[in-house]
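The values are calculated or read from the model by the stated rules, or taken from the named source; none is laboratory data. Here the structure is a predicted model, which means the values were calculated and not measured. Note that we place each Cβ from the backbone using ideal geometry, even for glycine, and neighbour counts take in every protein chain shown. Protein only, heavy atoms only, side chains kept; ligands, DNA and RNA dropped before computing areas. Shrake-Rupley method; radii C 1.70, N 1.55, O 1.52, S 1.80 Å.
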Amino acid sequence: CIAVLSNYVFLHICFVLVLKFRLRSVSSMPRRKKHKNYVGALEEKAQALAFSPSSDSIEEKSRLGSPRTRSRSQKVDPTSTDGEAQVNAADPQRRNTRRKYGWGGTTSADAAAVDMATGAQPSGLPAKPRGSAPNSYTADSDRIMEAVVKVFCVHTEPNYSLPWQRKRQYSSSSSGFVLPGRRILTNAHCVDHYTQVKVKRRGSDVKHVASVLSVGTECDIALLTVEDDKFWDGVEPVVFGHLPQLQDAVTVVGYPIGGDTMSVTSGVVSRIEVTAYMHGSSELLGIQIDAAINSGNSGGPAFNDAGECVGIAFQSLKHEDAENIGYIIPTPVIEHFLTDYARHGLYTSFPCLGVEWQKMENPDLRAALKMQPDQKGVLIRRVEPTSAVSEVLRQNDVLMSFDGVDIANDGTVPFRSGERISFSYLVSNKYTGEEAELVVLHEGKQRTVCVSLRAPVRLVPFHIRGLPPSYFIVAGLVFTTVTVPYLRSEYGKEYDFDAPVKLLDKMMHGMASHPDEQVVVLSQVLASDVNTGYEDICNTQVVALNNAPIKNLADLAAKVDACAEPFLCLDLDYNQKVVLDTAKAKAATPDILAVHCISNDRSPELVKLTPPVASSKAGGQSAETPSDIKNKASKPRKRGRLVHC
């Protein structure tokens, strides 16, 4: 038994040793190389349209599911801000995620293979339709894109908090395109507070100086021209098309961030409605598309399949729940701007009714206002005193029709087949000074009235049309007018939350009682012995001076200059008072200005008038009247825009 057991143990040990030796030998052997059919694999790639990432590519390209999606060379981050999309290709983590799930880019050879298979153009434009004529849009894409130019602008914005000086200049680049008559169209925000504007054609290394002919702030459109004849050699202007239909293909061409050369993105029309224009704080007709619109695309044209321009790229929506939402200015708004400039030689704005209205979808509300079951309209809540309808419309009137088009209870009117749109679209189609016919229900009686439409007058303007801000200084007290740029300068981008409530109420709900009315505030106090105790007062509205109401900043300056009383008694909001000795206040003003390096105690439009006798003795020239100074300040080419204050 002992011998048998010993043999069994010895055999078992030998078996284990042999097994371990064989396993070690197998693991140390080189792996057999796998043969790969390269041609077959490439065919499978082409069929699946999924390609491996390029080793020398910096940016990841989107999956090539169709020629339209192939032109979107970058993914867009929907959470980016400032009205422009940001590229996610610079994020390594997102790139690795895309590679992991097969979202790789393409090599040049693979892209050429797909172009050949799908019929797409090398420029990234949509595939050429079968049987199309040789002179179709895709065949003439080079000719069309020659009309798209790159706009370079140097901006010098005013310092609204210190209105006697300007901020440090900065430069930007955007897009534009050529129109007939040696004109160039771009966005107004691309040349806002411009100091110098230059344009460059595609494939050229020369920048040509451009002149700004007109700026439409509400519609965010600017018109440029170039004096150099060489710039216009061989360029063909863009042709405008009609308003597109939903799901129509559009191609946006421009010079966005991410490179220096031209970029082409494509998409479809997603929505057409009255849209908020961010730059002009207005509501006009707009087209929503799903093509990527990034920083630098602004001012670039959007083409349809026929090569016609159907809009101008100008803004995009950034929200955590939104993706690929861009907006273009449609041709009706563009034609309105161009026609307005052709008629008047300048931009006269878009008219408005100047009313606040309410929907009348509740049946009890309609019955209380004596409306018949077949009558529809909107309720007039408030009427601006400066509007054209202030003489014919009253509170609680019902607006039933505009220019023969019936208004529904929700404030919409028919728009093309099967669509409805806000009735403000009808108002915006009019020009300043044109008449409109209104059907109004007043206390149960229907009447028809005609009004001449005007441009809106804002108590707190959203913009100052490129002019420098107004200011007035006496005894170190700095007075200025309240505008949206001023609130943004004082309280940042969140000014609608951080600004004083009363100023926000003036901005959102205030109505001017006359065209020259302004909200004048004591902006800050430049510390001095003469104003001791008032240093902490800031951004408080000035109500009256010596019990006389203040209408605007010019009225305040005139009252201070003409004050013969011993004290300057300023009544501020929140029942605050500022009292200064008149003689001491005026005497201390020059020294305070010298300490703070301020050249003048007021802005140019508030400069004191020279008495006629004194001017005739000095140089024999007559004094300027207030209307002359106002007209001089309103001329677009003599605003002091190019002067660095």
(request) Could you calculate the contour length gain from ARG394 to GLN358, that is, 0.36 nm times the residue separation minus the distance between their Cα atoms, to one decimal place in nm? (result) 11.6 nm
(message) Around LYS376, under 12 Å between beta carbons, what's the net of Lys plus Arg minus Asp minus Glu among the other residues?
(response) -2
(message) Is there a quick way to get the dipole size of region 390-451? I mean about its Cα centre, with the Cβ of Lys and Arg at +1 and of Asp and Glu at -1; what is the value in debye to the nearest 20?
(response) 100 debye
(message) Out of the GluC sites (Glu not before Pro) in region 296-369, which ones are loop residues according to DSSP with at most 15 other C-beta atoms within 10 Å?
(response) GLU320, GLU323, GLU361
(message) Could you work out how much longer the chain between PHE567 and ASN600 gets when fully extended? Use 0.36 nm per residue separation minus the Cα distance between them, nm to one decimal.
(response) 9.6 nm
(message) Between HIS509 and HIS344, how high is the FRET efficiency from 1/(1 + (r/R0)^6) when r is the Cβ-Cβ distance and R₀ = 30 Å? Nearest 0.05.
(response) 0.40
(request) Can you check what the net charge comes to around ARG416, using other residues whose Cβ is under 14 Å from the Cβ of ARG416 (Lys, Arg +1; Asp, Glu -1)? (result) -1
(message) What whole-number distance in Å separates the alpha-carbon centres of region 369-448 and region 168-206?
(response) 40 Å
(message) Within 10 Å of each candidate Cβ there may be at most 10 other Cβ atoms; applying that plus a DSSP loop requirement, which trypsin sites (Lys or Arg not before Pro) in region 446-506 survive?
(response) LYS493
(message) At R0 = 60 Å, how high is the FRET efficiency between GLU335 and VAL16 if r is their beta carbon distance? Nearest 0.05 is fine.
(response) 0.05
(message) Suppose R0 equals 56 Å. What FRET efficiency, 1/(1 + (r/R0)^6) with r the Cβ-Cβ distance, do LYS230 and GLU535 give to the nearest 0.05?
(response) 0.45
(message) At 7 Å along Cα-to-Cβ for each site, give me the label-to-label distance between ALA544 and SER161 in nm.
(response) 3.3 nm
(message) How far apart, in nanometres, would the label points at ARG416 and ILE257 be if each is projected 7 angstrom from Cα along the Cα-to-Cβ direction?
(response) 3.2 nm
(request) Of the listed pairs LYS559/LYS584; LYS198/LYS318; LYS150/LYS230; LYS167/LYS198; LYS551/LYS577; LYS150/LYS318, which have alpha-carbon separations greater than 28 Å here? (result) LYS198/LYS318
(message) What whole-number distance in Å separates the alpha-carbon centres of region 292-354 and region 469-525?
(response) 30 Å
(request) Any chance you could run the full-extension gain for ASP142 through LEU365? It's 0.36 nm times the residue separation minus the Cα-Cα distance, nm to one decimal. (result) 74.3 nm
(message) What do you get for trypsin sites (Lys or Arg not before Pro) in region 332-417 restricted to DSSP loop and a cutoff of at most 10 other Cβ within 10 Å of the site's Cβ?
(response) none
(message) Give me the dipole magnitude in Debye, nearest 20, for region 346-457 about the Cα centre, with unit charges on the beta carbon: positive for Lys and Arg, negative for Asp and Glu.
(response) 120 debye
(message) I'd like to check one number: the per residue accessible area of region 319-400, probe 1.4 Å, reported in Å² as a whole number.
(response) 50 Å²
(message) With +1 on the Cβ of every Lys and Arg and -1 on the Cβ of every Asp and Glu, and nothing else charged, how large is the dipole of region 162-263 about its Cα centre, in debye rounded to the nearest 20?
(response) 420 debye
